[in-house]
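A short reminder: the numbers here are calculations on the coordinates, not readings from a lab. Being a predicted model, the structure only gives us computed values, none of them experimental. Reconstructed Cβ throughout: ideal geometry from the backbone, glycine too, with neighbour counts over all protein chains shown.
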Amino acid sequence: MSFGSAVLAATLVIQSWYRRYRAQLKTRERSALHIFQSIEYADEQSQLQLSNFFTFVLEHYRHIRAKDLRLVNRLYVSSQHERDIMDDDDDGMLSEISDIYGGPQLQFPLTFADVESLIEGYKQHQLLHACYVLEILFETKKALKQMPNFNLVKTSPSKEVTICGKFHSRVAKLIFWSLLNGLPSENNAYIFNGDFVDRGNNSIEILMILLVSFLVYPNDVHLNRGNHEDFLMNMRYGFSKEVMNKYKLYGKKILQVLEEVYAWLPIGTIIDEEILVIHGGISESTDLNFLHCLSRNKMKSVLMPPIQMHRGYGAEFRKSKGETLQGVVSILWSDPRDKRGCHPNTSRGGGYYFGPDVTAKVLSKFQLKLLIRSHECKPEGYEITHNGKVITVFSASNYYAEGSNRGAYIKLSRGTRPRFFQYQVTEVTRSRPLHQRVTTIESSAIRILKERIISRKTDLINAFQLQDRKKSGKLSLGQWAFSMQNVLGLKLAWRSLSSHLVTTDKDGNVDYMSCFSDIHIQKPVKEVQSAVIETLYRYRSDLQIIFDIIDTDHSGLISMEEFHSMWKLFSSHYDVHIDDHQVYELAEKMDLNEDGGIDFNEFFKAFYVVHKFDKLNKSDTNFA
């Protein structure tokens, strides 16, 4: 063999090895993203379960003692008189801005200069005055009330429109993106496809930039409602708390007006009468003609029926409430899948999985060519499915962890194919080799999976011991994987994940107690049973939401009587089988003030997860 042939052969071997190596890394990356996504969707199921609890409380309120009605009243009895007062007070809001305020200054009616001023202020970490925020919300509500359920957008070869998926991210990323693609203008139109808030510390800043841009360019900035433009979602995923922390005096008022703004957001956009842009997806019964006509402002939350249904009002709306709810839920919550037909979205717990045949049928029925949606994180920021008829665009880079995914946006004009632009805003991982970035993502995914495992420790041990008939402390890999999926309800590649989660002997049998060897929940009171601690930890987000609703004065305290009422309603509906008295005793032993009020934040700070050590720093880890 000649020297040249030998070099060529060696080069081909190296190239082949490198392709396999990169493929393995990409498979590991996809597996980590699947863990993140599975847990995210399980949390959304929990949110829908909580919404069902609220609906249950409302529907059965006649059978609830008067002292337990506080939760119902806080959730549903929203005084129209109070809202009218807020609207009447609109004119005097700006006069309350004091001379010592040093944040962004806005002039109404707003102009492009105000967009620039707002962004510059946010770059300097300044907070926009609450009165400006309320004025923006009032003006946005007025403008949105004049708009149809679906924005109608026209493009031309010389006028493009940019479509952005969900942001759910830090304001720095939005600013970076705006500099990359240019701020909105008459010559730079945008469609923002929902999920402007939650999952970050700067949701109010992102929302204000978008709303001010909309008010300046109402014909060129189009806002679609996402499933997170919903006050119940905001309670779980952080936006409500962010607003209350940043705007303590005006926080409640901002959130109340925001409910109205959400309800008036259009539910979709149609481009050039041939491209449908919605946040989630469709179902086989999606009827755009019906959706064009529904009263969208009555849907304060799509996770539960409007209050009017329970008060004997709105007979016409009640008649079609099922169709209305399912139609809007489909638009905001559904996901495309390769499987034909339409099936309940079991991963999220709401909306549907719709197949390529459903897409073809609905698009054909309404003379459309393409569906563009968001709602799902994609590694490359976008994905084309259903024979090119469905495009998912996701604009939040690093959604699950630093380096976990790219963001993307789409540029469209009449008669041209969609053009995709990808980006990733990151400082930490930019200079790292691919294998280090993948290991970082992988480690984060395993860590949150372990926290999910420890929250079900007692249930898992019971399931393991039921399989372990010889009481050996070991199970086959198949038995262990079956128990994990059955208890946790997460459809993951448990066999492949076993190398990260448990130890095995030379015969491949799993030491199932090793699941819990490097992580535990810190017990605040030693006498309390593990099952009680795990249950409270598992439902901590739901309980925190209910607590915040009961805590009307936002003092951070509720009485023991209120705590008992809350827990009684919650445990009965959720079918929680633990000793109620242990829960009450635990509450009594936690931080109390002089009046016996429970500080719920302190109560749950005691339940934190301790990672004893991290065995994820191996460069050769692989659960593909």
Rounded FRET efficiency, nearest 0.05, which uses the C-beta distance separating E602 from F420 and R0 of 35 Å: 0.15
Which trypsin sites (Lys or Arg not before Pro) in the range 193-255 pass both tests, a DSSP loop state and at most 12 other beta-carbon atoms within 10 Å? K248
Take M484, M147 and order them by how many other Cβ atoms sit within 10 Å, fewest up front. M147, M484
The answer for GluC sites (Glu not before Pro) in the range 202-274 that fall in a DSSP coil and have at most 16 neighbouring Cβ atoms within 10 Å is E273, E274
Across K26/K166; K159/K298; K252/K450; K339/K457, pairs whose alpha-carbon gap is larger than 32 Å: K159/K298; K252/K450; K339/K457
Nearest-0.05 FRET efficiency for H125 and Q146, computed from C-beta distance (R0 35 Å): 0.50
Got a sec? How would D114, D287 order by Cβ neighbour count within 10 Å, fewest to most? D287, D114
If packing is taken as the mean number of other Cβ atoms within 10 Å per residue, what is the order of 33-44, 213-224, highest first? 213-224, 33-44
Work out the FRET efficiency for Q49 and S496 from their Cβ-Cβ distance, taking R0 = 41 Å, and round it to the nearest 0.05. 0.90
